[in-house]
Amino acid sequence: MSETNETVKQEKKDNEKKKRRFPIWARILCAFLSLILVLGASALIFINSKLSKIQKYDPDKLTPVLPEDETFETDPYKDGTEIVEPGDINWAEDVNTLSREGVTNILLIGQDTRQEGAKGRSDSMMLLTIDKTNKTLKVTSLMRDMYVQIPGYSDNRINVAYFFGGWELLKETVEKNFGITVDRFVEVDFFAFREVVDILGGIYIDLNAEEALALKGWGHRTVEGRNRLDGAAALSYCTMRYVGNSDYERTARQRKALASIYARLRESASVPVILDLVDTILPLVTTNMTNGEIMSYAMDLYAMNIEGIEQHRLPLEGSYYSAYINSMAVLVPDLEKNREYLWEIIYGGSNDEG
């Protein structure tokens, strides 16, 4: 009996030691951390399920245009434009592509198609630069009529590279001509853009008299000055080419629209709106980013809390000339000047590695 009493006493002592070792606050903390882990895991599963709606780029599904089947767009000849033979252009020598830690370049591609589900040329090309070091967000338009070197094909407009050989060829083209590293890409078509604007309740754009009149003629209710454009009006605004100074102003409109979408997201995107965007838009988006990369970039942007987007354009003013080549009206860039300009924008300096 005495042995039994001793055993009971020893067990009580052991239990008291365990309680001293694991006080109540420690047990509460453990329970709280366990709850956080469960919620965190659930959140990751939920986010991944949403991001899985995005179309992932699959090069094996691409049917490239063979070099012998390449085509050239044709334009009416404009009096005074210099007629140039392709072989008469002296391109700058190739350079090593520049990249720097903390800087990510994502190519935003707007597909030139008016039929949902169809494949077209890259009507809009913008480099989105996320600079974590300097906490800046920059967008640089690449004008579709720039005449560039396309690896494996004849020199042509830059907007045919995506049509000929998909993301890989467009990446090679940008890197070969401008000496910067393109890390990832996101492609949307006109239908996705229109849906984004409508879900956000429209975007605010200042229209000049000519723009307002053109949009009004296309059935949109617009006036000179500040307007709230719905998706259809915003799409017309971004794609009009024959109002103002042709593609120069068109690319500027696209950058303004992107900046306005970004501003609307910052100021009024509630959880229901974001979920609506995710469910509606993501199936219309194609990218080569993984879900993890998308979440990482999103967290970076959230942490940086950038108010606005810096806007730029290639070719740089005064660093190109207009020409008529292979029956196309094109812009022939001075690659050396445009490389230096782009290096300064993106990396803050020249290509020391090139």
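With semi-axes defined as the square roots of five times the eigenvalues of the C-alpha gyration tensor, the equivalent ellipsoid of the stretch 258-328 measures 34, 18, 14 Å, largest first. Ordering Met126, Met304 from the fewest to the most neighbouring beta carbons within 10 Å gives Met304, Met126. When each of the peptides 188-198, 216-226 is scored by how many other beta carbons lie within 10 Å of its residues on average, the order from highest to lowest is 188-198, 216-226. With each label modelled as a point 7 angstrom along the Cα→C-beta vector, the Asp279-Asp75 pair spans 4.4 nm. Of Lys135/Lys256; Lys50/Lys132; Lys56/Lys171; Lys50/Lys138; Lys61/Lys171, which sit over 24 Å apart, Cα to Cα? Cα-Cα > 24 Å for Lys50/Lys132; Lys50/Lys138; rest within. Put a dot 7 Å past the Cα of Tyr321, heading toward its Cβ, do the same for Leu66, and the two dots end up 3.7 nm apart.
Ranking Leu265, Ala214, Gly348 by Cα position along the charge dipole of the stretch 196-354, where only Lys, Arg, Asp and Glu carry charges on their C-beta atoms, puts Ala214 farthest toward the positive end. Judged by the mean number of other Cβ atoms found within 10 Å, the most tightly packed of the peptides 273-285, 128-140 leads the ranking 128-140, 273-285. Rounded to the nearest 5, the antiparallel percentage of DSSP beta bridges internal to the stretch 101-220 is 75%.
Given R0 = 41 Å, the distance between the Cβ atoms of Arg228 and Trp91 translates into a calculated FRET efficiency of 0.35. For the pair Leu265 and Lys50, the difference between a 0.36 nm per residue extended length and the Cα-Cα distance amounts to 75.6 nm. The label point for Glu310 and the one for Thr136, both projected 7 Å from the Cα toward the Cβ, are 0.1 nm apart.
Enclosing the Cα atoms of the stretch 118-188 in their convex hull gives a volume equal to 91 cubic angstrom per residue. Full extension of the chain between Arg100 and Ser296 yields a length gain of 68.8 nm, computed as 0.36 nm times the residue separation minus the alpha carbon distance.
Coupling constants for the stretch 140-147 follow from the phi torsions by the Karplus curve (6.51 cos²θ - 1.76 cosθ + 1.60, θ = phi - 60°), and in residue order they are 10, 6, 10, 5, 5, 8, 5, 8 Hz; glycine and proline get x.
Taken together, the values in this text are just the output of simple stated rules run on the coordinates, not laboratory data. These numbers were taken from a predicted model, which means no experiment stands behind them. In this analysis, Cβ positions are derived from the backbone assuming ideal geometry, glycine residues included, and neighbour counts consider all displayed protein chains.
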